[in-house]
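The values are calculated or read from the model by the stated rules, or taken from the named source; none is laboratory data. This one's a predicted model, so the numbers in the text were calculated from it and none came from an experiment. Here the Cβ is made from the backbone with ideal geometry for all residues, glycine too, and neighbour counts use every protein chain on show. Protein only, heavy atoms only, side chains kept; ligands, DNA and RNA dropped before computing areas. Shrake-Rupley method; radii C 1.70, N 1.55, O 1.52, S 1.80 Å.
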Amino acid sequence: MIYLDNAATTIHKPDCVVEAVAHAMQNLGNCGRGANGGSLSAARVIYQAREAAAALFHLDSPERVCFTCNSTEALNTAILGLIGPEDHVISTDLEHNSVLRPLYHLMKSGTRVSFLQADPSGNVDVSQIEALIRENTKAVICTHASNVTGNLINIQLVGEIARRHGLLFILDASQTAGSFDINMERDHISVLCFTGHKGLMGPQGTGGLCIAKGVDIRPLKMGGTGVQTNLPDQPSQYPIRLEAGTLTSHGIAGLKQAIEYIQETGIAAIHEKEHELMLRFYQGVKNVDGVKVYGDFFGDRAPIVALNIEGYDSGEIGDILWEDFQIA
């Protein structure tokens, strides 16, 4: 099999990640649900995973790393937990449905949303954000890189504009976490949402939010936390504020190992290799008759190449590639 779907999920995980999940399944109990060895071991591994994620994204408070099942849950938690019916937010044409659908849902209750339009190459000019700011603007919500084209958004400029105007900056790092240097402090990111199964090379069913100090998110879910069970409301402190129910400790153990593998390998080395492979593929297909490639390939970008073949449905092409050539 030739696997060309890493932007959707990495299928070939580092051996150490597979070993960490297998070890966790045989040894870890339920974090926070007892004082036995298995429960305490799970608690230690999960906290070490918080430390690893905080270090990767330059967040100085590991307890403000809250785990979810994926970036969809993380983005829903951030958007629905921070934005209300009286608020105005700014987003872009490049967003995934994990951002768009929560925003459309909020719009039914009165939230106003302005979208930065993309040009024909799929780029957005984030300097135009300032022209869209209103008196009740609360946040800028955007992806770091389009999952369709691979085009990047200048998050340093977005963060600086948000800081200057006192706005929240919610970042969807689904396509860039693990292969781009993302610094929450430098880039003034209020909430960073990530998934474990793409560039982070971790297990499916893992993801989370990294939350800057001073940002208080209303819980999306309420339920068991293993502590303060006498309270009628969800505990207010992070991380249990956003972590109702049993965590996927086996998956988080794998995610911890994956992040440590990335840190040891080096973000710059990973990015260089992915960028080289992406350009090699692009150069090979861009001049093929009938092939239309989408996106801007000048400058840095996520390692994604999206194309169509004239006269064919994309689903049909996908079937042919798999059935006849074992290309995923």
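Every residue, every condition in (1) open to solvent by 30 Å² or more (accessible area, probe 1.4 Å); (2) under 20 Å from Met107 (Cβ atoms), yes or no:
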residue	(1), (2)
Met25	yes, no
Gly34	yes, no
Tyr47	yes, no
Ala52	no, no
Leu80	yes, yes
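Number of residues in segment 98-140 that are assigned to a helix (DSSP H, G or I), open to solvent by 30 Å² or more (accessible area, probe 1.4 Å) and touching a residue at least 24 places away in the same chain (Cβ under 8 Å): the value is 4. Against the definition (in contact with a helix residue (DSSP H, G or I) (Cβ under 8 Å, 6 or more places away or on another chain), surrounded by 16 or more Cβ atoms within 10 Å (Cβ to Cβ), under 27 Å from Phe298 (Cα atoms) and at pLDDT 95 or above), how does Phe169 come out, yes or no? Yes: the conditions hold for Phe169.
If only residues of segment 247-295 that are within 22 Å of Asn123 (Cβ to Cβ) and of a type in the set (Lys, Arg) are counted, the one that is most open to solvent (accessible area, probe 1.4 Å) is Lys292. Return a yes/no flag: does segment 224-233 have any residue that is surrounded by fewer than 20 Cβ atoms within 10 Å (Cβ to Cβ) and in contact with a strand residue (DSSP E or B) (Cβ under 8 Å, 6 or more places away or on another chain). Within segment 224-233, none of the residues are surrounded by fewer than 20 Cβ atoms within 10 Å (Cβ to Cβ) and in contact with a strand residue (DSSP E or B) (Cβ under 8 Å, 6 or more places away or on another chain).
Per the listing Thr68, Thr111, Thr72, the residue uniquely of a type in the set (Ser, Thr, Tyr) and touching a Pro at 6+ places or on another chain (Cβ under 6 Å) is Thr111.
Leu80 fulfils the conditions (1) of a type in the set (A, V, I, L, M); (2) under 22 Å from Thr265 (Cα atoms); (3) in a helix (DSSP H, G or I) except for a single criterion, (2). Each residue in segment 15-68 was checked for being in contact with a helix residue (DSSP H, G or I) (Cβ under 8 Å, 6 or more places away or on another chain) and aromatic (Phe, Trp, Tyr), and 2 pass. Condition first: in a helix (DSSP H, G or I), hydroxyl-bearing (Ser, Thr, Tyr) and under 20 Å from the mean Cα position of the chain (by Cα). Can you find one or more residues in segment 263-278 that meet it? No - not one qualifying residue is present in segment 263-278.
For beta carbons closer than 7 Å, sequence separation of 6+ or different chains, a first residue in segment 82-97 that is surrounded by 17 or more Cβ atoms within 10 Å (Cβ to Cβ) and a second that is modelled with pLDDT of 95 or more and among the charged types (D, E, K, R), the qualifying pairs are Ile83/Lys138; Asp87/Lys138; His88/Arg112; His88/Arg134; His88/Lys138; Val89/Lys138; His96/Asp172.
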